[in-house]
Amino acid sequence: MKMLCVLSTLILLMLAPWCAFGQQDATDIANDATKGDPALMLKACIQTSLGDLTYQLDGNVTPIAVLNFLQYAESGFYQGTVIHKIKPGIMIQGGSYLPDGTIKQDGLREDEPNDRAHGQAQLRGTLAMMHQPGKPDTIRSEFFINLADNIQLEKPVDNAPYPVIGRLIGGEDVLQRIAEVKTMEHPGASTGRELWPVEPIIIKDVEIIGDYDKARLEELAASKREWANMLAPLDEMKGAEQAERYAQWYAQQSGLQPVALESGVQYFVLKPGDDGRGLEPTDKVKVHYRGFYADDEEFDNSYTRGEPATFTISQLVKGWAEGTKGMTTGEKRLLIIPSYLGYGSSPPPGIRPDALLLFEVELIEIL
């Protein structure tokens, strides 16, 4: 209801709403994962010198991160590494350092891209992969385990989520034991020196338990990597260049062809409408919509509210008016709107400044 109120306020202020129809379109292509597929769910046991932590892993939402963790585990990389940082009441970190305070190099692979699964619950006991602050595509072997419900990590200020790969299903007492050990300043450590356990907590091994569909997991991870490779340069681009980049990627994934307008707006027809008259900027309409960014973080969705929105097109941002012009009843489009035709550098609360905006729109009725 909060975003509905925001939307109503924006319309009154002659600003603009967000949009989408939320079916089998941009979101599914970006995520490319069948949530709940049991073939992508398995268990892992992190065996430490203080006891075992057993996790239920799920490769449906974060296939890149889960596959990355499995590859390190199955190669034996984690053997001999340590829990190197304990932040009381926040998290513990491990999987990359040796007892002498140096990073383990033997078997360390290149950075992996981020699944960018926004909104995952960072609850106590959940296992997630670490990346460098503000650099989402720097995931290697290091992981962390939440010691509390860290809501602030679910929507990080740098828009670089930490992919959650599993939930704790055994070893809560072990986790608490680790959380309570004394820490010190490690003379040889390169980071977090004051938070090292006084007595090293050795990771003896990470054992993968049960079978999983490795080929399917690799397929999902490969698809997510293509998406991540599309996203990576966007931060260095501006305006119409961003829109063109996203449109090229979407065309490759969907097999559809974009319509590019002179203004820089691009759109895809996802479903044709009837043979009625085309929509004009002065029309009042009833639509379902979903609004999101290129990394798939959603900022509004009329479907989740359970009712379509009604407004006059001329009240909205210019990019919305241009991208919906000519739509007929029943038609669905994906709009790709450069920031200068969206909210620009001074957006309403809750919207990223200078952001490429994506809208999936279903025209229900021209009133």
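The values are calculated or read from the model by the stated rules, or taken from the named source; none is laboratory data. Nothing here was measured: the structure is a model prediction, and the numbers come from that model. Cβ: placed from backbone, ideal geometry, glycine included. Neighbour counts: every protein chain shown.
The combined condition, being under 13 Å from Arg333 (Cα atoms), in contact with an Asp or Glu (Cβ under 8 Å, 6 or more places away or on another chain) and modelled with pLDDT of 95 or more, is not fulfilled by Lys286.
Within the stretch 49-78, the set of residues being in contact (Cβ under 8 Å) with a residue 40 or more places away in the chain and part of a helix (DSSP H, G or I) comprises Pro63, Ile64, Ala65, Val66, Leu67, Asn68, Phe69, Leu70, Tyr72, Ala73, Glu74.
With respect to the conditions (1) touching a residue at least 24 places away in the same chain (Cβ under 8 Å); (2) of a type outside the set (Lys, Arg); (3) touching a strand residue (DSSP E or B) at 6+ places or on another chain (Cβ under 8 Å), Glu244 falls short on a single one, namely (1). Being modelled with pLDDT under 95 and surrounded by fewer than 20 Cβ atoms within 10 Å (Cβ to Cβ) holds for only one residue in Gly188, Gly170, and it is Gly188. One residue is enough: does the stretch 164-172 have a residue meeting the conditions in contact with a helix residue (DSSP H, G or I) (Cβ under 7 Å, 6 or more places away or on another chain) and either within 24 Å of Ile64 (Cα to Cα) or of a type in the set (D, E, K, R) (or both)? Yes; the residues of the stretch 164-172 include at least one that is in contact with a helix residue (DSSP H, G or I) (Cβ under 7 Å, 6 or more places away or on another chain) and either within 24 Å of Ile64 (Cα to Cα) or of a type in the set (D, E, K, R) (or both).
The residues of the stretch 93-123 that are in a loop (DSSP other than H, G, I, E, B), surrounded by 18 or more Cβ atoms within 10 Å (Cβ to Cβ) and touching an Asp or Glu at 6+ places or on another chain (Cβ under 7 Å), listed by number, are Gly95, Ser96, Pro113, Asn114, Arg116, Gln120, Gln122.
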